[in-house]
There are 2 protein chains.
Amino acid sequence: MNAPLAGLRVVEVSAFIAAPLGGMTLAQLGAEVIRIDPLGGNIDAKRWPLAPGGDSIYWASLNKGKRSVTLALDTPEGQAIATELITAPGPGGGILLTNLPTRGWMSDAALRARRPDLITMRLTGNHDGSGAVDYTVNCASGFPIATGANADPVNHVLPAWDIAAGLYLALGILAAERTRQRDGQGQEISLALNDVMLATVGNLGYIADVQVNGAVREPIGNHLYGAFGRDFATKDGRRAMLVAISNRQWRAIGKATGLTEKLAMVGPLMDVDMATEGGRYAARHAIAAVLEPWFAARNLTEVRAALDGSGVLWGPYQDFGQLVTEDARCSTSNPMFADVEQPGVGRVLTPRIPLSLGGTPAQPPAAAPLMGQDTGEVLAQVLGYDQARLSALRDAGVVTAGV
Amino acid sequence: MNAPLAGLRVVEVSAFIAAPLGGMTLAQLGAEVIRIDPLGGNIDAKRWPLAPGGDSIYWASLNKGKRSVTLALDTPEGQAIATELITAPGPGGGILLTNLPTRGWMSDAALRARRPDLITMRLTGNHDGSGAVDYTVNCASGFPIATGANADPVNHVLPAWDIAAGLYLALGILAAERTRQRDGQGQEISLALNDVMLATVGNLGYIADVQVNGAVREPIGNHLYGAFGRDFATKDGRRAMLVAISNRQWRAIGKATGLTEKLAMVGPLMDVDMATEGGRYAARHAIAAVLEPWFAARNLTEVRAALDGSGVLWGPYQDFGQLVTEDARCSTSNPMFADVEQPGVGRVLTPRIPLSLGGTPAQPPAAAPLMGQDTGEVLAQVLGYDQARLSALRDAGVVTAGV
């Protein structure tokens, strides 16, 4: 079978994380994704971290497997070519993904006039179209105040709202494309980053907890809410996260540590039913007090030897360096990864999409293009431009790289 | 036009966050999603937070818009009925979503023998099939050690890996269903929660930064990496997040606060080019020192008046209570929300999917079912069971609720 999205062509006019991740996800499922940037790149072209030669690792990591076209988007000629690419005929074409303001040539009306079955997917900050980014969405979400051990807000470092938004963007395009195959009609879809946050806060029950119980979740450090789970320090200065949600996982902790009898004493001590998640949550400090000496007496290697394969749900804390150098799952022994030469960056461990599709070939881990490298090839293949026309565009300064 | 996924039937056998979110997302796009649980519910049926009457707000929030069937899944009769539901004929049927161990009757081979074009989507912990949950995935990711102001790990409270995994699950099903429409063939797909983390760490450039630069991101508190951004305390004890990525956003800060001249002095003071993101990142502490008194002299209301509409990218910190009670975006004035009566919980502000599809009717915000409420109706509609057969199943204890 062909790749799931073989034959689909998506034009992306984007920057930063969410929209590029959405396009990359579609490329990883087999779509042809053409990212159009202004000459020299968009505002994210040099975003940190940078490789020693100055190329952006950030940009390369979020644009893997795409084709890169650069055009003088501030000129009518550049805008006309971009419009042609977005609205080019063909059953899998006519799909635009963008997080940029959509006025003038990029407006839905202007594009749809040329291809009525167009699918346009637009990411905004707020639902009223006003601006917001992951940081200004996150501060409003409630999570930073509930994170850490006290009421001082702690921002997440993972751009979680951007990640979720990128996946919603890919989903929205697939849903609209399924509709177009069925009904022959395109549509305009929008997604607000702040709505991704609000929907998620609702989906996790925080809104209802406030409305029904008047409960505002307090910061509880690294404890797990509503069950037993916490981090523990080991003898060699490492830390491990230990979790018990099911009763079977709870019993496994006692068995693996030899502390079953002491842990059983916590129930009467704290007047809780230790056979319930809620009981173990209520007694979490007493449970932790019993377990702390066990971890403190062992190196991480010894902890691992005692807990791996025991049915205990646990994991070591790792910094990014330890993840890359110590964790076998983060290596080519994991079929999701391959070592890929990334132009401008070097040979790096590169993931494909985390989905493993048993029946269709996975797109292997791919490098990102150099900025603009596919310009001439895309204009020739998709729009039929010949070499004379490409040369004239280059002479006029409408295209520079890749022709 | 009909809803994008009208005609699709997905059977979900699941618990907790990721798989239920995947199924709920498909339901929000118009699929019929039937969640099958053991009699009385699965392990997440009473997960905290609870409503005053004991019903799980958590469960209700993650299972909106689904149909709920409960069966004695520990009996051959219950397993046979679940198998029939999963493999029932029809072009949109034959789709299973699960995060439970898939042995015996739930094995791919057993199900596919009855419907060769089946699509099975299975969430595991690690790619080798071993167990992992958001907490034990997150500790290994590098993010907790990079979060906060020092090297002590800080767990996120948002179950970010579960959220991303849920959206990947929905995407994988849509991709496989598109393939089946095209080629007539189903397939088995799997997704490991830990691979969602690893792919994301790679997609954000952290792996390459370690491999190419030997750089391990240090905790920098609430600062933004590679540009200027930080939280500031206001006169009335609130906090605000302030961000400048583009030069235009940076200039807007000077203009709105009246501090343009002072901020311009930071460049020569710190020997950086203030017209670059990297320069402003390097000078972040000096910039913050200039801005701190401005925020400290103003209440949040005054900050809002000065910054809203000024082109400054900012937002207030809110706890979950403030989000629900103070933020107009988190109310029915946002078209994503409606007040919905949730049985067992009460009338609560409920989101639909955050995607706004212009051409197809949105599934309005929906309540979750009560556990098992649709059992009889689903068995009648999908499998054609008559009342006599349902009564016999009830007498045999194979079904209890909803018949």
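Only the coordinates and a few stated rules stand behind these numbers; no lab work does. The structure displayed is predicted, hence computed values, not measured ones. Positions of Cβ are generated from backbone atoms using ideal geometry, with glycine treated the same way; all protein chains shown enter the neighbour counts.
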Mind listing the label-point distances from B:ARG347 to the same position on all other copies, shortest first, one decimal in nm, points 7 Å along Cα→Cβ? 6.6
Entries of A:LYS235/B:LYS46; B:LYS46/B:LYS66; A:LYS66/B:LYS66; A:LYS235/A:LYS255; A:LYS46/B:LYS255 with Cα pairs more than 28 Å apart: A:LYS235/B:LYS46; A:LYS66/B:LYS66
For the range B:165-172, Karplus-derived ³J(HN,Hα) couplings (6.51, -1.76, 1.60; θ = phi - 60°; whole Hz; x for glycine and proline) come out as 4, x, 6, 5, 4, 4, 4, x
MRE, 222 nm, helices only [DSSP H, n ≥ 4, -39500 (n - 2.57), over chain A, to nearest 500]: -11500 deg cm²/dmol
In whole Hz and in residue order, list the ³J(HN,Hα) couplings for the range B:36-45 that follow from phi through the Karplus curve 6.51 cos²θ - 1.76 cosθ + 1.60, θ = phi - 60°; x for Gly and Pro. 9, 10, x, 3, x, x, 8, 5, 9, 5
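Once a ≥ b ≥ c are taken as the square roots of the eigenvalues of the Cα gyration tensor of the range A:291-369, is the result rounded (a/c under 1.5), prolate (a/b larger than b/c) or oblate (a/b not larger than b/c)? If you can, show how the numbers build up before the last one.
On the way: a/c = 4.15, a/b = 1.96, b/c = 2.12.
It comes out oblate by the Cα gyration axes.
Relative contact order, percent, of the range B:112-211 when contacts are C-alpha pairs under 8 Å separated by at least 6 residues?
This gives 43 percent for the range B:112-211.
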Pairs of alpha-carbon atoms within less than 8 angstrom and 6+ residues apart define the contacts here; what relative contact order does chain A have, in percent? 19
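Could you tell me what percent of the DSSP beta bridges with both partners in chain B are antiparallel, to the nearest 5?
Numbers: 17 of 39 bridges.
In chain B, approximately 45 percent of DSSP beta bridges are antiparallel ones.
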Compute the label-point distances linking A:GLY359 to its equivalents in the other copies; points lie 7 Å from Cα along Cα→Cβ; give nm, one decimal, shortest first. 2.7
Using just the alpha carbons, could you tell me how many Å³ per residue the convex hull of the range A:192-254 encloses? 139
About its Cα centre, how strong a charge dipole does the protein assembly as shown have in debye, to the nearest 20, once Lys and Arg get +1 and Asp and Glu get -1 at the Cβ? 280
Ratio of the Cα radius of gyration of the range B:107-147 to 2.2 N^0.38 Å, where N counts its residues: 1.80
Applied in sequence order to the range B:220-228, the curve 6.51 cos²θ - 1.76 cosθ + 1.60 (Karplus, θ = phi - 60°) yields integer Hz couplings, x standing for Gly and Pro, of 10, x, 8, 5, 8, 7, x, 7, 9
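Give me A:MET1, B:MET197 ranked fewest to most by other Cβ atoms within 10 Å of their Cβ, as a rough exposure proxy.
Numbers: A:MET1 15, B:MET197 27.
Final ranking by Cβ density, sparse to dense: A:MET1, B:MET197.
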So what are the radius of gyration and Dmax for the Cα set of the range A:39-78, in Å? 11.9, 36
Candidates A:GLN211, A:GLN373, A:GLN387: whichever shows maximal mean-square fluctuation once chain A is modelled as a Gaussian network with Cα springs under 10 Å: A:GLN211
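Compute, for chain B, the length of the dipole vector about the Cα centre, with Cβ point charges of +1 (Lys, Arg) and -1 (Asp, Glu) only. Units Debye, rounded to 20.
Values: 33 positive and 38 negative charges, 137 e Å.
It works out to roughly 660 debye.
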Which one, B:ALA297, B:ALA164, B:ALA146, has the greatest fluctuation when you compute a Gaussian network model over chain B with C-alpha springs under 10 angstrom? B:ALA297
Placing +1 on the Cβ of each Lys and Arg and -1 on the Cβ of each Asp and Glu in the range A:1-139, which of A:SER56, A:GLY93, A:GLY40 has its Cα farthest towards the positive end of the resulting dipole? A:GLY93
Under 10 Å, Cα contacts only: if you run a Gaussian network model on chain A, which one of A:LEU198, A:LEU300, A:LEU174 comes out with the highest mean-square fluctuation? A:LEU300
For the range A:72-160, report the convex hull volume of the alpha-carbon atoms normalised per residue, in Å³, without decimals. 138
Which residues qualify? For A:GLY359, with a placed amide H closer than 5 Å and at least 5 residues away or on another chain, they are B:GLU188
Decide, for the range A:222-300, between rounded, prolate and oblate: order the square roots of the alpha carbon gyration tensor eigenvalues as a ≥ b ≥ c, take rounded if a/c falls under 1.5, and otherwise choose prolate if a/b is larger than b/c, else oblate. prolate
Please compute the Kirkwood hydrodynamic radius of the range A:253-403 from all pairs of different C-alpha atoms, in Å with one decimal. 21.4
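What are the semi-axes of the equivalent ellipsoid for the range B:1-143, taken as the square roots of 5 times the Cα gyration tensor eigenvalues, largest first, in whole Å? Let's see the in-between values first.
Numbers: eigenvalues 114, 75, 60 Å².
Rounded to whole Å, the semi-axes are 24, 19, 17.
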Name the aspartates and glutamates eligible as straight-distance cross-link partners of B:LYS262: C-alpha to C-alpha under 17 Å, and not fewer than 8 places from it in the same chain. B:ASP271, B:ASP273, B:GLU292
Taking the Cα centre of each part, how many Å lie between the range B:233-280 and the range B:76-114? 58
Which residues make up the longest stretch of chain A that has no trypsin sites (Lys or Arg not before Pro) in a DSSP loop with at most 15 other Cβ atoms within 10 Å? A:236-403
Just to compare against my own numbers: the Cα pair-distance distribution for the protein assembly as shown, 10 Å bins, whole % per bin, please. 2, 13, 23, 27, 21, 10, 3, 1, 0
Once label points are set 7 Å from the Cα along Cα→Cβ at both A:THR332 and B:GLU84, what is their separation, rounded to one decimal in nm? 5.2
In 10 Å bins starting at 0, how do the alpha-carbon pair distances of chain B split up by percent? 4, 18, 24, 23, 16, 9, 5, 1, 0
In terms of the Cα gyration tensor, with a ≥ b ≥ c the square roots of its eigenvalues, is the range B:121-249 rounded because a/c is under 1.5, prolate because a/b exceeds b/c, or oblate? prolate
